[in-house]
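Colleague: Dumping the structure here so I can ask a few things about it.
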2 protein chains.
Amino acid sequence: MVSAAATLFSARGYHGTSMQHLGDALGLQRGSLYAHIGSKEELLFDVVDSGANHFLARAEGILASDAFARVKLERLLVGHIETATLHLDAATVFLNEWRYLSEEPRRVIQTKRDRYEQIVRLIIEEGVAAREFRGDADVRFAATLVLSAGNWTYAWYRPGGELSPTEIGKKFAELVLRGLEA
Amino acid sequence: MVSAAATLFSARGYHGTSMQHLGDALGLQRGSLYAHIGSKEELLFDVVDSGANHFLARAEGILASDAFARVKLERLLVGHIETATLHLDAATVFLNEWRYLSEEPRRVIQTKRDRYEQIVRLIIEEGVAAREFRGDADVRFAATLVLSAGNWTYAWYRPGGELSPTEIGKKFAELVLRGLEA
DNA sequence: GCTCGCCAAACAATCGTTTGTTTTCGACCG
DNA sequence: CGGTCGAAAACAAACGATTGTTTGGCGAGC
């Protein structure tokens, strides 16, 4: 149910997907879906939240791990792109459609987004403090660059390309780290 | 008309914006809008196309100009972010809602997107050929990184921040160039 | 026998678009 | 300058279709 919703929301957008579309995809009447969900928006929240959790789970693990900051940053970017490609639909909905949530659930997601951004910054700050990264590096911009590279993945990645998500992540990380390292 | 549509489409999404919303914003009955447009989708195309043209116009000028590749690349990224922030609504719709166009108009936009991507790659290839950039630089990934940094701008930029779009662009360019230069 | 999943049908509301009619406005002429 | 005419712009109303959601009943499985 949530997975079918992720596919449709990602392909057609939340507002572009009707309960009819969802019912067709599941072989059910659109009214029958309400035996399983409370509302269409609740379904959107489930998809968006699962996307957020996928990203966060890996990032928290990397932040807590014991490694050089540059290794953590590479792992984070690789993990981000692996997550974005492995759960392409949920990631797309998480990044694109979360703004259509009403205020209360949107705040829940916003908190998770903020936390993710904070993790990226913390790792970069670690690197600056340990003199792995340039002392004059602008942490905010470096973090934004990392997030931009990762978050835009959904827009161009298609399964079956010549490079694996892992390799893509490593290439990105190499470029970014080269600009960041002392 | 197009500008009001850009504002609404960017804030609510194409499918989340009704002709009623547009009429309200313009102080007109929703039926009256059809004296000015052929269809809602035609309106979407106008917004998306104007966004595409803003980006392309600057990029073509930079590509044709006479300068070091690293200068061109910086100008392109700065110009990209200036354009994205100056025309924030049109840029958001261009990047987010273009996929809701039906096949024929979408192909027109796709062509412009492809051309823009090609320009970025051409500039990087120039830099590699002139030995300004590392010989082993992966042109595709460097171009994707530049585009990601620029295209994600709409997602976080809000007017009135402490740094001007120009300064933001320069900071990004500095990071990327540092990773790219020989 | 009772719960659960599903259907068929209906709900009011809204969707994008078309219609016929009226109002507004600028250009032209006397 | 005042008057007239045609085109453009706006309105009110309706079109059929679809929106998300609710309801009552029916049949199968624990």
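The values are calculated or read from the model by the stated rules, or taken from the named source; none is laboratory data. Please read these numbers as outputs of a predicted model, since none were measured by experiment. As a convention, Cβ positions derive from the backbone with ideal geometry for all residues, glycine included, and neighbour counts pool all protein chains shown. Heads up: the accessible areas ignore ligands, DNA and RNA and are worked out on the full protein's heavy atoms, side chains in. Shrake-Rupley method; radii C 1.70, N 1.55, O 1.52, S 1.80 Å.
Colleague: Every residue in the range B:4-57 that is within 15 Å of DNA strand D (Cβ to nearest atom), small (G, A, S) and more than 14 Å from chain A (Cβ to nearest Cβ), please.
Modeller: Across the range B:4-57, the qualifying residues are B:A4, B:A5, B:G23, B:A25, B:G27, B:G31, B:S32, B:A35, B:G38, B:S39.
Colleague: Take the residues in the range A:109-150 that are open to solvent by 10 Å² or more (accessible area, probe 1.4 Å) and of a type in the set (S, T, Y), then tell me which one is nearest to the chain's Cα centre (by Cα).
Modeller: Filtering first and then ranking leaves A:Y116.
Colleague: Here is a follow-up. Scan the range A:25-44 residue by residue and report those that are of a type in the set (D, E) and either surrounded by 14 or more Cβ atoms within 10 Å (Cβ to Cβ) or not in a helix (DSSP H, G or I) (or both).
Modeller: A:E41
Colleague: Among residues belonging to the range A:73-95 that are closer than 17 Å to A:I123 by Cα and not β-branched (V, I, T), point out the one that is most open to solvent (accessible area, probe 1.4 Å).
Modeller: Per the stated criteria, the residue is A:R75.
Colleague: Does A:G16 qualify as being open to solvent by less than 40 Å² (accessible area, probe 1.4 Å), within 16 Å of DNA strand C (Cβ to nearest atom) and more than 24 Å from A:L147 (Cα to Cα)?
Modeller: yes
Colleague: On to the next question. Restricting to the range B:135-162, name every residue that is at the interface with another protein chain (Cβ under 9 Å from one of its Cβ atoms) and either hydrophobic (A, V, I, L, M, F, W, C) or touching a residue at least 40 places away in the same chain (Cβ under 8 Å) (or both).
Modeller: Within the range B:135-162, B:A137, B:F141, B:A142, B:L145, B:L147, B:A149, B:G150, B:N151, B:W152, B:T153, B:A155, B:W156 meet the criteria.
Colleague: Restricting attention to helices (runs of 4 or more DSSP H) lying wholly within the range B:80-182, give those where 1 or more residues are of a type outside the set (A, V, I, L, M) and closer than 25 Å to A:E174 by Cα.
Modeller: B:103-129, B:139-151, B:153-156, B:165-180
Colleague: What single numbered condition from (1) open to solvent by 20 Å² or more (accessible area, probe 1.4 Å); (2) away from chain B (no Cβ under 14 Å) fails to hold for A:R70?
Modeller: A:R70 satisfies all of (1) open to solvent by 20 Å² or more (accessible area, probe 1.4 Å); (2) away from chain B (no Cβ under 14 Å) except (2).
Colleague: Next up: Please determine, by comparing only the residues of the range A:23-61 that are among the hydroxyl-bearing types (S, T, Y) and more than 22 Å from A:E117 (Cβ to Cβ), which one is farthest from DNA strand C (Cβ to nearest atom).
Modeller: Step by step, filter the range A:23-61, then rank; the result is A:S39.
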